[in-house]
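Take a look at the structure set out below.
What follows draws every value from the coordinates through simple rules; no lab data is involved. Small disclaimer: the values here were computed from a predicted structure and weren't measured. When we count neighbours, we look across all protein chains shown, and the Cβ atoms used for this are built from the backbone with ideal geometry, even at glycine.
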């Protein structure tokens, strides 16, 4: 303290005896000296306590992604490929076609029904394929199928294969088949890293954005900057609380995958945690940027949904983004959630080293750096 | 150095005198003024003029009040002094320093309670105080501040569960835990019940007695009258009057108010019978009357000596053949000053 004379101390020095005479109201100043990081630790502690006391946080951050993983994991669990339903239009050659189809090793479920009923059932999705024999046994057959329905295309290929083989086709190229299905290639294995990425995005954006705007709306940010508190300590404490939460989120989701779905984590845990931290950092930056000006919770909610919506759709959380047109691919790959999901999948499922992820890491670092820099110059404390 | 005239310390309070001595002692160092601002202007969005040239000088150890109706510019003024808002133009010095040159030092020295801060609801009272204490290099002990503000019983309760009065005390506690030299309070008692208000007044007095400087805004006249050594009345972003409560009341011309009502019919009749003289002029011409105004069906006279005015008033009433329905006398208050000042102001505008 540069001022040697503080009024109260001076007053105490000059009038300490009379203070006691007048009722002893003068309270001694307890000379507690706060260190450089006292405020940071208190801010972090307060933030963690607040989160712990908010049941919604527990639900949305921890329970919701678990339920989602659980539900989707069960709905899309691995099942044998479905057997095509084939209708054979009743007619002179129908019996022969059915016999030929059943003789083949291809699994087909075929039945003979009147032509009108067969076409009707095809239209309603009850049959995947209708075979209309023209003429007697060994005569020409006609396939009615829908090229836009994958199961119809599959049924046509299988039925044709069965009929051609039964009719005596010789395969010029010998081919052996072996069934192959193991953890790592299933839908749940694809899904869990995607959910992890999405959860880091959701909780990062809300954890920063919502809290900051709520504090601003309460004038609590203004109250804090009216003290000597360092603004960087405040933001650092908020970011640290996100990191602590990130480790918990990550452990829970991967734990569920391992225990319940027998998922195999191939990559190193250290690399996974580092990726999680980088992802949490990028989305904390985006959350900070989104919340840098908004005065009301309603405004920031809309803004955050606007930012997150494209990533929910395009970033390959529930299905591969390769399905989108090629023109969109460079844009999709530039999104932070795409980079995070790709990196998490490569590390968790394939054990790729971080060095092989340079592109994705660069995308995440760029998002984090740019959003933090913009946010710090735009951020309004009052 | 200070253009303000030195007021002798009040004799009734030994503490005050000591505080004053301390202030003089510090003044040798050239820091007699706690808060000083000149030509403060604030224009919002280039059109709304919230402050139109404010000059203030607040001494160390003083309790100073900014008094004015809602929207007068009190909050804008206090937030500029607190360094939370940039002025459009003008100069601010707090304890001899400016916000530009010594922001961190000043933050250590000020304790601030904003208007309507909603502190984190899911933290307990003690956690909140300890959090604020952690921001300062040398805070007071949270335990001691809680005891002083009678919040010890509530120290484990969540902030969200507190009553209005308790929340307001907690807001002041977050300022006091800083161990500040100057306490800024923006409408500290708005919306509180009388008991909670009195409790807060005691806390503020206590702080001042220990040598602290207080700047508070209020739109309660009684609060300003009881707490403040000096005050400035603000209206439309300007100071329209300033001084100690007693000085302001003295400026009314008289320290007593005589309020009365007379029988309506007779007073109407009387208007015609007194040679075309307006009733107001009759009252104005009574001995010792400084001013007359009508308020809520009553005639209010500002007088120097009620014992001279009242017999004359009774005589005048009976001369008019009227009947007295109501008569009270009381000490003039800041409320009367305010009605006089803003009333005149409003009339000038329209």
Note to self: C-alpha centroids of segment A:327-382 and segment B:179-214 sit apart, in Å, by 52
Quick note, segment B:157-211: a/c under 1.5 would make it rounded; otherwise a/b > b/c is prolate and the rest oblate (a ≥ b ≥ c, C-alpha gyration tensor); here it is oblate
Tilt, helix A:336-350 to longest principal axis of chain A (alpha-carbon atoms), in degrees rounded to tens, equals 70
Between the alpha carbon centres of segment A:257-306 and segment B:217-253 the gap in Å comes to 55
Here the residues of segment A:247-261 lying in the modelled label zone of residue A:77, meaning backbone nitrogen under 11 Å from a point 7 Å along Cα-to-Cβ, are A:261
Helix A:150-166 sits off the longest principal axis of the Cα atoms of chain A, rounded to the nearest 10 on a 0 to 90 degree scale, by 30
Computed over chain A: longest principal axis from alpha-carbon atoms vs helix A:7-21 long axis, angle to nearest 10 degrees, is 60
In whole angstrom, the spacing between the Cα centers of segment B:93-153 and segment A:188-234 equals 24
By the Cα gyration tensor axes a ≥ b ≥ c (a/c under 1.5 gives rounded; else a/b larger than b/c gives prolate, otherwise oblate), the shape of chain A is prolate
Across A:280, A:355, A:175, the residue with the highest GNM fluctuation in chain A (Cα network, 10 Å cutoff) is A:175
Per the C-alpha gyration tensor (a ≥ b ≥ c, the square roots of its eigenvalues), segment A:310-349 is rounded if a/c is under 1.5, else prolate if a/b beats b/c, else oblate; here it's prolate
Stokes-Einstein, Kirkwood over Cα pairs, the protein assembly as shown, 25 °C, 0.890 mPa s; D in µm²/s equals 75
